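Quick one: structure below, then a few questions.
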Amino acid sequence: MSPLNSSKPDNAGPRTWWRALEERAGDPAFQELLHNEFPSQVEAIADPVARRTFLKLMGASLALGGFTGCTLQPSEKIVPYVRQPEELIPGRPLFFATAMALGGVAIGLLVESHEGRPTKIEGNPLHPGSLGATDAFAQAAVLGLYDPDRSQTLTNLGDIRPWSAFLGELRAALAAQQPLKGAGVRILTESVSSPTLAAQIRDVLSRFPSAKWHRWDPASGEQARAGARLAFGEYVGVRYRFDRADVILALDSDFLGCGPGSVRYARDFAERRRPGQAGRMNRLYALDSMPSSTGARADHRLPVRPSEVEGLARRIAAAIGVGGVEQATGSSAGGQTTSDQTARWINAVAKDLQAHRGSSLVVAGDEQPAAVHAVAHAMNAALGNAGSTVIYTDPVEAEPADQLASLGDLVNDMNAGAVDLLVIIGGNPVYTAPADVPFGAALSKVRLRVHLGLYDDETSALCHWQIPETHFLEAWSDARAYDGTASIVQPLIAPLYNGKSAHELLAAFTDRPERSGYDIVRDYWNARAADLKIGGGDGAAAPKPGAGFSAAFESAWRRWLHDGLIPGTALSARTVAVRGPIPSTSIATMIAGAAGPRGAAGGTAPPPADGALEIVFRSDPSVLDGRFANNGWLQELPKPITKLTWDNAVLVSPKTAEMLKVGGVPSMQGGEHGQIVSDVVELRYRGRSVKGAAFVVPGHPDGCATVHLGYGRTRAGQVGSGTGFNANALRTSDAMSFGPGLQIARTGERYSLACTQYHHLMEGRGQVRAITRDEFVRNPSALKEGDQTPPKTLTLYPEHKYEGHKWGMTIDVNACIGCNACVVGCQSENNIPVVGKAQVLAGREMHWLRIDTYYRGPVDNPETYFQPVPCMQCENAPCEVVCPVGATVHSDEGLNDMVYNRCVGTRYCSNNCPYKVRRFNFLLYQDWTTPSLKLGRNPDVTVRSRGVMEKCTYCVQRINEAKIDAEKEERPLKDGDIKTACQQVCPADAIVFGDLNDPGSRVAQLQREVRNYALLAELNTRPRTTYLAVVRNVNPELGE
Amino acid sequence: MPQIFHRSTNTIARVSIFGAVFFIAGLLLLATAVSRSSWVTEAGVPREQPIQFSHERHVAGNGIDCRYCHTSVEDSAFAGIPPTKTCMNCHSQIFSNSPFLEPVRESFHTDRSIEWTRVHDLPDFVYFNHSIHVHKGVGCTTCHGQVDRMPLMWQAKSLQMEWCVDCHREPERYVRPRDAVFSVEYAPPANQLELGTRLVAEYHIQKLTSCSTCHR
């Protein structure tokens, strides 16, 4: 049994910080664990025989190791261009604007290209969906491009064939369909927001009027679409204005962490949380099931099972006077018998929303049923938010559809033998289809099956033709952002494996099958030139395709490519009216019946007596629906909240875990603060079952278990295959997000989970700081209570003088949403290797920047904070003084330089670092052999080898670059000229870097703020990186 | 009890103990000498190239400026190796049939790059930037030697860190006026220290010796 049962005496006071449940429970074994830095090695050294072996090995390595430095440098070649491209200066990167679409919604990007190789992705500051930031998925796209496991050749039943052979077979099949008007032709795509692709599909459908276009994209908000149709009677695009919202209610919505527009929303939300202007601070209430970034940032979070959200939402709606939202009698999930606490919560929220008419906002989560979305729309309408904080537009997606029905229709047609030709464009429906939609089985009844995909995946295995798809960095396309703004997707590199884009595949259906993607996209926009008021004055009829391009179009086109967006394409606001009463979701009723009414206030009511639980399906925060499963950067990324890597798990609350007698214990075996050895449980749900490891999540609602999709892939590639378990095997089409009747049984097996929450612990010190807004206004110095900053003179070493720059950083913990974009951004910028699950289990992950999660308060609903910890670049750095070879030294500008070529790997520095931010290459983690991976590395940063310590450098390559540029232009460096990689990608603008010697710089100003605090200041390390404390805008009616 | 060791053992012990000190010191001296030798640094060793390109002829003979070929030296970390097109600018007209230039023509027609052997090869953990050095008055010949007298290219200096740091500590000993940076005829004047000190102030030359200046 795990020591985290809340029935144990609670050693922790209500205001005590904790990171691990064991820590909170005061488990003595955990305390010991905390103080042993390298527990795995302790035994080995105490054992006399092993010690001798150790000394022998050390002696031998010293003797032999010395000689390895004697090799002569190998001769290298310089390979210049034959004809050098005009704008290219060798050694200087170029930046190109492009866009990445996910679930049909694009984010604008600027991609850094070194001599034609894309190496780093940044957000496009001009793009409304980005404003210069990105999410983790966009950051990791570079690795996706160079993934050696990508589908590399066009194959027919596994045999390599030329494109012409495919064209021949496709044309023959189409010719046979011609008299049938394409009755047997089906096209299956993901959500399409590309105007060109939509036009091409329409064109195909006009050639084959009986053909059908199906859509299936697990990453796009299926329920949000349905909810809008339920509320308004039509598909409507919804966009939020968090910059105008004073009070926000999130109905199980993780709008900060995922979904369309989340990068922009995080920026807008964070802008309204700067306590400097305490009066403007927004307030966020969250009904949260699986703890999310949004729930963590909420001022008031109520953990509820997903099925309870609808009932509570309806009650809040009723309380603010929305008509037609009451549930049918007897079906009020989380209904009348809820506790006083919940009632108080609902009343307070309703009152606060009403007090902010026109500046409040209700957001429903993508995983919530359509009815909840409809209720949210009705509430926003009633509160006068429509048109102010909620903007309704035409849908961003081209021709939205009920995708589940669409996929179901396709399967029915396939089973009926009505499909002769199925072209699957992108996606992996064989893997992602719900368990009760036998897509894979039905597929075999199709005469000709074609799959265009990045990977030779589960779907490819059942198709005749596998066509390697181009990565978005390889092909021309276009896409729309969350607000409809269109961008041209511009390739950065020629297709690595002769891939084809969706546009080029669809061209094969037309009379000009060999048209290039570039021509297709350009012709489409040329035809639209008149609508966009381009075309040099006449602007009358749209130019005919192929009629050549006007000079005005040419210049506009170049401008679009340069800026990364097409101006004037954002969708304009519309007025829509909520129609009639909103029928309640049958599934919610079902659950209420099955589970019985229960209190929702922090899970105080007991879980259902019959042992049946609710199952909750969520897209994985790292690999989404499995499409990023083969991306090592994302697989190794500690997921927000759970900090799991390389696996999914059965996530349950502490109380539910106790009831089920399952859980995990941190184990010392194998490495530093190691791993979670967890019970394997069998999930039985509607006659299907899968096995997975149980994992306890503080703040998770009781009586339900969350499973993340996207794992258990069988044909993902070397990286992604065989990780985790496949939750799709339990998912049914009538309960895509959650459903009742889950049984969990222990199997008696144990499984090791690589969870980084226990890694790099600072011995229970150095916690985050938080305060309520009222206290902050009244007595801000309360934040500094108990601070002991030793006098500056308390050091034996002479003080450093800084005549030039003095770099520093602040991280605003109040803004941080724990989204991990900075971690992947840092990994991409600094050539940080992926180490694999076995090494993560040993505590050897290499991320220079980690995001610590801190909890405070009760385990069933703790306050949750994220504290990113890079190297602090201490003034009195403990690492510097212990290095025997001077491999880490203080620079003239205050950096703790890490000199790889001097490092001999003693690891004294890491041992002496109180922040645990140094990372050691225990093995040769970097792949030095795979050619495609070499292309993606940043040429400005050394690729480290085995036996070398490394750590955050404040992106010194960027500092040097900017300084050199400024020197050459004979101008002083401006504040903001240098952005570290983590700062640049941060959606919440939480990280600020700059010169502390310049009193006007943003970072200097922030470090003078009262919220500024240093980690472990009592150690007199005098860190350069400091933090800004959290200020929570608590509703006084509810208290803390 | 008889003596186990012969008396001479004492002498042998003394000689070997004191001798060892000199022996080890000698070894260390040898090691430093070897590590600075051109066997290790390859300084002064002309390198084989796919084409017998002569800097002597092009620079001293034809008077071509460094930047005609090394175009990015003022803009980028990398000075730039000319694309085949640059060679063909002239050699499509002159010596257009020379057998020595066959690899150039072949490269131009087959669109395959000429693979030159790198002469000045810094380790991969060193990041040197040409543009800033040129901007601050470090002449080409200061590091690359009298290129105009090299029929085949060789490395004139050791390129070892002590050599870099020598100038980074005392740039006044090496800098020259900006207008003479690309001159191959420039020779340091007698009053170099005086001139250098003036230029260091004028060009805002910093004495950058932090590790991260070059290593990152």
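A short reminder: the numbers here are calculations on the coordinates, not readings from a lab. In this text the structure is predicted, and so the values were computed from the model without any measurement. Cβ coordinates were reconstructed from backbone atoms using ideal geometry, including for glycine residues, and neighbour counts include every protein chain displayed.
For the range A:409-557, what is the Kirkwood estimate of the hydrodynamic radius, computed as the reciprocal of the mean inverse distance between distinct Cα atoms, to one decimal in Å?
It is 17.6 Å.
In peptide B:74-84, how many Cβ atoms from other protein chains are near each Cβ within 10 Å, on average?
The shielding value for this peptide is 5.
Ranking request for peptides A:843-853, A:431-441, A:52-62, B:148-158: highest mean number of other beta-carbon atoms within 10 Å first, then the rest in descending order.
A:843-853, A:431-441, B:148-158, A:52-62
Check which residues have an amide H placed less than 5 Å from A:Thr732's amide H, if you skip close sequence neighbours.
A:Ala435
What average number of partner chain Cβ atoms lie no more than 10 Å from the Cβ of the residues making up A:886-892?
Mean inter-chain Cβ contacts per residue within 10 Å come to 3.
Please report, in whole Å³, the volume per residue of the convex hull around the C-alpha atoms of chain B.
230
For the range A:101-231, what is the convex hull (Cα atoms) projected area averaged across all directions, in square nanometres?
11.9
So, one more: Could you give the Stokes-Einstein D for the range A:164-239 in µm² per second, using the C-alpha Kirkwood radius, 20 °C, 1.002 mPa s?
The diffusion coefficient I find is 147 µm²/s.
Could you run the Karplus curve 6.51 cos²θ - 1.76 cosθ + 1.60 with θ = phi - 60° over the range B:167-183 and give me ³J(HN,Hα) per residue in whole Hz, x for Gly and Pro?
Per-residue couplings from phi come out as 7, 5, 7, 10, x, 4, 6, 10, 5, 9, x, 4, 6, 9, 4, 9, 7 Hz.
Does the range A:257-300 come out rounded, prolate or oblate by the C-alpha gyration tensor, with a ≥ b ≥ c the root eigenvalues, rounded set by a/c under 1.5 and, if not, prolate when a/b is larger than b/c and oblate if not?
It is oblate, given that a/c is not under 1.5 and a/b is not larger than b/c.
Ok, one more. If contacts are Cα pairs under 8 angstrom and at least 6 residues apart, what is the relative contact order of chain A in percent?
15
Hey, what do the phi angles of the range B:209-216 turn into as Karplus ³J(HN,Hα) couplings, whole Hz, using 6.51/-1.76/1.60 and θ = phi - 60°, x for Gly and Pro?
Result, ordered by residue: 10, 5, 4, 6, 4, 10, 9, 7 Hz.
Please report the net charge: other residues with Cβ closer than 15 Å to the Cβ of B:Trp163, K and R +1, D and E -1.
-1
What shape does the range A:771-854 have by the C-alpha gyration tensor, where a ≥ b ≥ c are the square roots of the eigenvalues, rounded means a/c under 1.5, and otherwise prolate means a/b greater than b/c and oblate the rest?
Verdict is oblate for the range A:771-854.
Which order do peptides A:374-382, A:225-233, A:268-276, B:23-31 fall in by mean Cβ count within 10 Å, highest first?
Ranked from most to least packed, the peptides come out as A:374-382, A:225-233, A:268-276, B:23-31.
Continuing with the same structure: Sequence neighbours fewer than 8 away in the same chain don't count; with that in mind, list the lysines whose C-alpha is under 26 Å from A:Lys661.
A:Lys8, A:Lys639, A:Lys643, A:Lys691
HN-Hα J couplings of the range A:920-937 from phi, Karplus 6.51/-1.76/1.60, θ = phi - 60°, integer Hz, Gly and Pro as x?
So the Karplus estimates, Gly and Pro as x, are 10, 7, 4, 10, 7, 6, 6, 7, 9, 10, 5, x, 5, 5, 5, 5, x, 7 Hz.
Follow-up. Could you pull out every one of the lysines with an alpha carbon less than 23 Å from that of B:Lys85, ignoring same-chain neighbours closer than 8 positions?
Partners within reach: A:Lys77.
Give the long-range amide H neighbours of A:Lys120: residues separated by 5 or more places, or on another chain, with amide H under 5 Å away, using H modelled in the peptide plane at 1.01 Å from N.
A:Glu112
What percent do you get for the relative contact order of chain B when only Cα pairs under 8 Å and 6+ apart count?
24 percent.
Would you mind ranking B:Ile64, B:Ile17 by Cβ crowding within 10 Å, fewest neighbours first?
With the sparsest Cβ surroundings first, the list reads B:Ile17, B:Ile64.
Before rounding to the nearest 500, sum -39500 (n - 2.57) across all DSSP H runs of length at least 4 in the protein assembly as shown and divide by the residue total; then give [θ] at 222 nm in deg cm²/dmol.
Mean residue ellipticity at 222 nm (helix-derived): -8500 deg cm²/dmol.
Using the 10 angstrom Cβ neighbour count as an exposure proxy, how do A:Tyr854, A:Tyr685 rank, fewest first?
The fewest-first ordering by Cβ neighbours comes to A:Tyr854, A:Tyr685.
Now a separate question. Which percentage, to the nearest 5, of the DSSP beta bridges contained in the protein assembly as shown is antiparallel?
The antiparallel fraction comes to roughly 60 percent.
Sum up the charges of everything whose Cβ sits under 13 Å from the Cβ of A:Pro400, counting Lys and Arg as +1 and Asp and Glu as -1, but leave A:Pro400 out.
-4
Next up: Cross-link list A:Lys212/A:Lys500; A:Lys951/A:Lys979; A:Lys951/B:Lys136; A:Lys120/B:Lys157; A:Lys934/A:Lys974: which exceed 24 angstrom alpha carbon to alpha carbon?
A:Lys951/B:Lys136; A:Lys120/B:Lys157; A:Lys934/A:Lys974
Looking at this model, which pairs from A:Lys916/B:Lys207; A:Lys792/B:Lys207; A:Lys801/B:Lys207; A:Lys801/A:Lys968; A:Lys806/A:Lys916 are more than 21 angstrom apart at the alpha-carbon?
Long pairs (Cα-Cα over 21 Å): A:Lys916/B:Lys207; A:Lys792/B:Lys207; A:Lys801/A:Lys968; A:Lys806/A:Lys916.
Ok, one more. Counting pairs of alpha carbon atoms under 8 Å apart in space and at least six apart in sequence, what relative contact order in percent does the range A:622-772 give?
32
Right, another one. Return A:Met872, B:Met1 ranked ascending by Cβ neighbour count within 10 Å, so the fewest neighbours appear first.
Ascending Cβ contact count within 10 Å gives the list B:Met1, A:Met872.
Hey, can you grab everything whose amide H is under 5 Å from the amide H of A:Val390? Only 5+ residues off in sequence or another chain; H modelled, so Pro and N-termini drop out.
A:Arg241
Next question. Using a 10 Å cut-off on Cβ to Cβ distances, tally the other chain neighbours for every residue of A:966-977 and report the average as a whole number.
2
A follow-up question, please. With the Cα gyration tensor of chain A giving a ≥ b ≥ c as the square roots of its eigenvalues, does the rule (a/c under 1.5 for rounded; else a/b larger than b/c for prolate; else oblate) give rounded, prolate or oblate?
rounded
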